[in-house]
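> What follows is a structure written as structure tokens; I'll ask about it next.
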Amino acid sequence: MRMIMAMVLAAGLALTAFRPASAEDKLQKVTIAFAGKGMSFIMQYVAIGAGYYKAEGLEPDIVDVSSGTRQAAAVMGGSADFTQLGMPHTLRAVARGGDLVAIGSGFDMYPIALVISKTAAQKLGITDAMPPGEKIKLLRGLKIGITSPGSSTDEFMRTIMMVRGMDPDKDVKLQPIGIGAPMVAAMQQGSTDGFAFMSPFTDIAVSRGIGTVIADPMQGNLPEYQDVPYQVITTSRKTIETRRPILLASERAMTRAIRLCHEHPDQAKQFVREYFKEVDDADFNLAFDNYVRAVPTTPIVSPTQVANTLKMLNLSEKTPLSPTYDQVTDMTMAREAAKDLLGK
């Protein structure tokens, strides 16, 4: 009897050990570093919400590291497989010997806008009829909120001021505040005169009647940001060597999201809405309809996009940057995904 029981137990264990793996068991984790929440991540929200990562055999693990500099550090340090990072961050890192490389497109227009309080605008004599360049020159003495030093918002403020002959370290006070909602709250409380960030938070400040937009590259009225993409999918050369299949599957997931955003934007909007439940419908719809225009039509970053971004960066760099397209990008996986899923 003891032998029979042992045989039954062994058989049961064998059946358990060799049971077919479920779909969940087959998913491989891919870690993606985010920097807060913003509409420029539309492509990611859709790829996650629509289940495109899972369809490619991946389980996305989202890590919020709060800023672009930390995104870059997470990728170079190996704690994240990739990130959707500002192209300027990627270019600077490559130019200075950092192990970063763009493997796909993320967001094709520059979405960071500067909004200041209506009180500050009135005090400075800023009116809606003024061109953005003239408004920017009147900002002296203001406290402007940014996410953190070295972030895309910091870089944006420095660029738009330096291009117009101003000194961002003397003419304004750049205040690290954090991301999104804290910026709106700080301006509403009067602890800052304005902030640089993206929709829907800039739209919220306007719809609440407390702010007015001073500069917005997505409106096409800042020449230095003309045809300059904002974000690219960035990883490290080391990660390409060690986790290429996972990166390729990720590019395929994001390319599926690109297709949905352009072919069925109403469906894409439903997936994005889940990430902005606290935003009212009017502000959300305005932001989505504006930002979905900047979702790339292809995952491939072009040489022209790299050249335009370098040109913008070098407007404010003391020593011009000059990395080549091949040093900055590896488009092999993006091209494969585009050919297979977009037919181009």
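> Anything in the range 235-293 that is crowded, with 17+ Cβ neighbours inside 10 Å and of a type in the set (Val, Ile, Thr)? List them, or say none.
235, 239, 240, 246, 255, 258, 272, 279, 292
> Please go through the range 125-181 and pick out each residue that is in contact with a Leu (Cβ under 9 Å, 6 or more places away or on another chain) and of a type in the set (Lys, Arg).
Hits for the range 125-181 are 135, 140, 143, 158, 173.
> If you don't mind, there's one more thing I want to ask. Going through the range 194-222 one residue at a time, which ones are assigned to a helix (DSSP H, G or I) and either in the same structural domain as residue 309 (by TED's automatic domain parsing) or among the small types (Gly, Ala, Ser) (or both)?
The answer is 205, 207.
> I've got another one for you. Name the residue, out of 165, 150, 97, that is assigned to a loop (DSSP other than H, G, I, E, B), touching a residue at least 60 places away in the same chain (Cβ under 8 Å), farther than 26 Å from residue 290 by Cβ and not aliphatic (A, V, I, L, M).
150
> Can you pull out the residues in the range 143-159 that are over 18 Å from the mean Cα position of the chain (by Cα), at pLDDT below 95 and crowded, with 20+ Cβ neighbours inside 10 Å?
Hit for the range 143-159 is 159, nothing else.
> On the basis of being surrounded by 24 or more Cβ atoms within 10 Å (Cβ to Cβ) and either on the phi < 0 side of the Ramachandran plot or not small (Gly, Ala, Ser) (or both), does residue 85 make the cut?
Answer is yes for this residue.
> Now, a different point. Go through the range 28-57 residue by residue and tally those that are at pLDDT 95 or above and part of a loop (DSSP other than H, G, I, E, B).
The number of residues fulfilling the criteria is 4.
> From the set of residues in the range 311-344 that are of a type in the set (A, V, I, L, M) and modelled with pLDDT of 95 or more, which is farthest from residue 248 (Cα to Cα)?
Kept after step one, since they are of a type in the set (A, V, I, L, M), are these residues of the range 311-344: 312-313, 315, 321, 328, 331, 333-334, 337-338, 341-342.
Filter once more, keeping what is modelled with pLDDT of 95 or more: 328, 331, 333-334, 337-338, 341-342.
Values: 328: 18, 331: 11, 333: 5, 334: 8, 337: 8, 338: 11, 341: 12, 342: 15 Å.
So, considering only residues that are of a type in the set (A, V, I, L, M) and modelled with pLDDT of 95 or more, the one farthest from residue 248 (Cα to Cα) is 328.
The values are calculated or read from the model by the stated rules, or taken from the named source; none is laboratory data. None of these values were measured; they are calculated from a predicted model. As a convention, Cβ positions derive from the backbone with ideal geometry for all residues, glycine included, and neighbour counts pool all protein chains shown.
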